[in-house]
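Here's a structure for you.
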Amino acid sequence: MILNGDVVVEEINKELTGKIEELKKHDVFPTIALVRVGERFSDIAYEAMIIRTCKTLGIETRMFRFASDVRQVKLIDCLEAINEDDDIHGALVFMPLPKNLDEDAVRNALDPKKDLDGITDGALAGMISKDYKGYPPCTAVGCIDMLDHYGIGIEGKKAVVIGRSKVIGEPAALLLTSRNATVTVCHSRTPEECLRKYCADADIIVLATGHPGIFTADMASPQQVILDVGINIMPDGGIMGDAAFDEINEKVAAITPVPGGVGGVTTAVLMKHIVGAAEAIASTKPGFNL
């Protein structure tokens, strides 16, 4: 089975449309700040997708763009201003930042309550304590939403996450664990024989390595559900995931394509987070019922 992300996006957007209309009746206009440093192609493409989606749904955007050599204090001042602006309900800071910036200092300048993509320590800590002060990373949530939409059970399943980044791998493992899966996290230091053993026995595999075609047919098993979140730009300009899709799509139970899989759902989850943040503000207003 091919797990098409477009139908998941359609379902999320349909739910959000009614919520946005209700918010606007109470003079709450969901607004997201987009903070981009430099001219990296992938950031520009994702920014354009977010802007298009926001326009379609009726979500307002505020753009904050900086040159790659921006002074760190200027960028932090921007985030602190976003924190204080009650008309901005949340922010997305495009990561990673240029090497000349202290990424830890910059990302933690954002108020966790306005952190829509789980980049702050406060938001990530909240995933562990379940005392959410922000929102989990959108791609990790997108993986869970994909499974839920297609009725693929998580509880009691054996899951392998390949990749341990703080934006996808580790959060995906935490979310799967919170849904009572038994999770193994593999990474670049995992011995190849162990990786193959874990994968062969897994029910759910999340691929988040950023290495095109690293998951091959000899690692595939009939019971596996593959969530491929890798987006790799190939020399010919095409896009490929971490899975060798053409080799394995007939050998596993289900797989997400790239493009057309988790990527679009990630943007839809971001929209869900900004609407949720706006609802949190609106809930303090008299007469507003969530």
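The values are calculated or read from the model by the stated rules, or taken from the named source; none is laboratory data. Remember, predicted model here, so these are calculated numbers, not experimental data. FYI the Cβ positions are ideal-geometry reconstructions off the backbone, even for glycines, and counts take in every protein chain you see. With ligands, DNA and RNA removed, areas are computed over all heavy atoms of the protein, side chains included. Shrake-Rupley method; radii C 1.70, N 1.55, O 1.52, S 1.80 Å.
Does the range 102-176 come out rounded, prolate or oblate by the C-alpha gyration tensor, with a ≥ b ≥ c the root eigenvalues, rounded set by a/c under 1.5 and, if not, prolate when a/b is larger than b/c and oblate if not? Don't jump to the answer; show the numbers that get you there.
On the way: a/c = 2.35, a/b = 1.94, b/c = 1.21.
Prolate is the answer for the range 102-176, as a/c is 1.5 or above and a/b outweighs b/c.
So if I place +1 on the C-beta of Lys and Arg and -1 on the C-beta of Asp and Glu, and nothing else carries charge, what would the dipole magnitude of the range 92-172 be about its Cα centre? I want it in debye, nearest 20.
Dipole of the range 92-172, to the nearest 20 debye: 160 debye.
At 0.36 nm per residue, minus the direct Cα-Cα distance, what do GLU155 and ARG65 gain on full extension? Give it in nm, one decimal, please.
Computed gain between GLU155 and ARG65 is 28.2 nm.
Compare LYS114, LYS14, LYS133 in a GNM of the chain, Cα atoms joined below 10 Å, and give the one with the largest fluctuation.
Highest fluctuation among the options: LYS14.
Pull up the cross-link candidates among the lysines for LYS19, meaning alpha carbon to alpha carbon under 24 Å and not fewer than 8 places away within one chain.
LYS55, LYS113, LYS114, LYS133, LYS272, LYS285
Right, something else. What angle do you read, to the nearest 10 degrees and between 0 and 90, between the alpha-carbon axis of helix 138-149 and the longest principal axis of the chain?
Between the helix axis and the principal axis of the chain, the angle is about 60 degrees.
While we're here: If Lys and Arg each add +1 and Asp and Glu each add -1, what is the summed charge of the other residues whose beta carbon sits under 12 Å from the beta carbon of LEU75? Intermediate values should be presented prior to the final figure.
On the way: positive: ARG36, ARG65, ARG71, LYS74, ARG107; negative: ASP69, ASP77, GLU80, ASP102, GLU103.
Neighbour charge sum, excluding LEU75 itself: 0.
I want to verify the translational diffusion coefficient of the range 250-290 in µm²/s; compute it with Stokes-Einstein, Rh as the Kirkwood radius over Cα pairs, at 37 °C and 0.692 mPa s.
The estimated diffusion coefficient comes to 255 µm²/s.
Let me ask you something else. Under the Karplus relation 6.51 cos²θ - 1.76 cosθ + 1.60, θ = phi - 60°, what is the ordered set of whole-Hz ³J(HN,Hα) values for the range 236-250, x standing for Gly and Pro?
7, x, x, 10, 9, x, 7, 9, 7, 3, 5, 7, 10, 5, 8
Right, next: With a 1.4 Å probe and every protein chain left in place, tell me how much accessible area ILE231 has, in Å² to the nearest 10.
Answer for ILE231: close to 110 Å² accessible.
For the range 32-125, just say rounded, prolate or oblate: build the C-alpha gyration tensor, square-root its eigenvalues into a ≥ b ≥ c, call rounded for a/c under 1.5, and beyond that prolate if a/b exceeds b/c, oblate if not.
oblate
If you count, for each residue, the other Cβ atoms within 10 Å and average over each peptide, how do 256-265, 50-59, 156-165 line up from highest to lowest?
256-265, 156-165, 50-59
With springs only between Cα atoms under 10 Å apart, run a GNM on the chain and tell me which of GLY118, GLY276, GLY238 wobbles the most.
Ranking GLY118, GLY276, GLY238 by mean-square fluctuation puts GLY238 first.
Moving on. Explain nothing, just compute: Karplus ³J(HN,Hα) = 6.51 cos²θ - 1.76 cosθ + 1.60, θ = phi - 60°, for every residue of the range 62-69 in order, whole Hz, x for Gly and Pro.
Per-residue couplings from phi come out as 10, 9, 10, 10, 10, 5, 5, 9 Hz.
Where the only charges are on Cβ atoms (+1 Lys, Arg; -1 Asp, Glu), what is the dipole of the range 152-233 about its Cα centre, to the nearest 20 debye?
Dipole about the Cα centre, nearest 20: 220 debye.
Next up: Can you give the local net charge around GLN224? Use residues other than it whose beta-carbon is closer than 15 angstrom to its beta-carbon, Lys and Arg +1, Asp and Glu -1.
-2
Rounded to the nearest 5, what is the percent of antiparallel bridges among the DSSP beta bridges in the chain?
5
Treating the beta-carbon of each Lys and Arg as +1 and of each Asp and Glu as -1, no other charges, what is the dipole magnitude of the chain about its Cα centre, to the nearest 20 debye?
Details: 29 positive and 42 negative charges, 54 e Å.
That gives the chain a dipole magnitude of about 260 debye.
Here is a follow-up. So what are the radius of gyration and Dmax for the Cα set of the range 196-290, in Å?
18.3, 59
Could you please tell me the mean projected area of the C-alpha convex hull for the range 73-214, averaged over all directions and given in square nanometres to one decimal?
10.1
I need the trypsin sites (Lys or Arg not before Pro) found in the range 184-262, filtered to DSSP loop residues with at most 15 other beta carbons within 10 Å of theirs.
Sparse-neighbourhood loop trypsin sites (Lys or Arg not before Pro): ARG189, LYS251.
Work out the FRET efficiency for GLU22 and GLU193 from their Cβ-Cβ distance, taking R0 = 41 Å, and round it to the nearest 0.05.
Details: r = 54 Å, r/R0 = 1.33.
It comes out at approximately 0.15.
No solvent, one uniform scatterer per C-alpha: report log10 I(q)/I(0) for the chain via the Debye equation at q = 0.07 1/Å, two decimals.
Treating every Cα as an identical point scatterer, log10 I(q)/I(0) equals -0.26.
Given axes a ≥ b ≥ c from the Cα gyration tensor, I'd like to know whether the range 140-203 is rounded (a/c under 1.5), prolate (a/b larger than b/c) or oblate.
Oblate is the answer for the range 140-203, as a/c is 1.5 or above yet b/c matches or exceeds a/b.
Over the Cα atoms, compute the radius of gyration (one decimal) and Dmax (the largest Cα-Cα distance, rounded to a whole number) for the range 102-144, in Å.
Rg, Dmax (Cα atoms, Å): 10.0, 31.
Can you give the accessible area of GLU279, probe radius 1.4 Å, in Å² rounded to 10?
Its heavy atoms expose roughly 40 Å² to the probe.
Can you compute log10 of I(q)/I(0) for the range 178-242 with the Debye formula, treating each Cα as one identical point scatterer, at q = 0.12, 0.28 Å⁻¹?
Rounded to two decimals, the profile gives -0.33, -1.36.
In the chain, what percent of the accessible surface is made up of carbon and sulfur (1.4 Å probe, ligands and nucleic acids excluded)?
With neighbouring chains kept in place, the figure for the chain is 53 percent.
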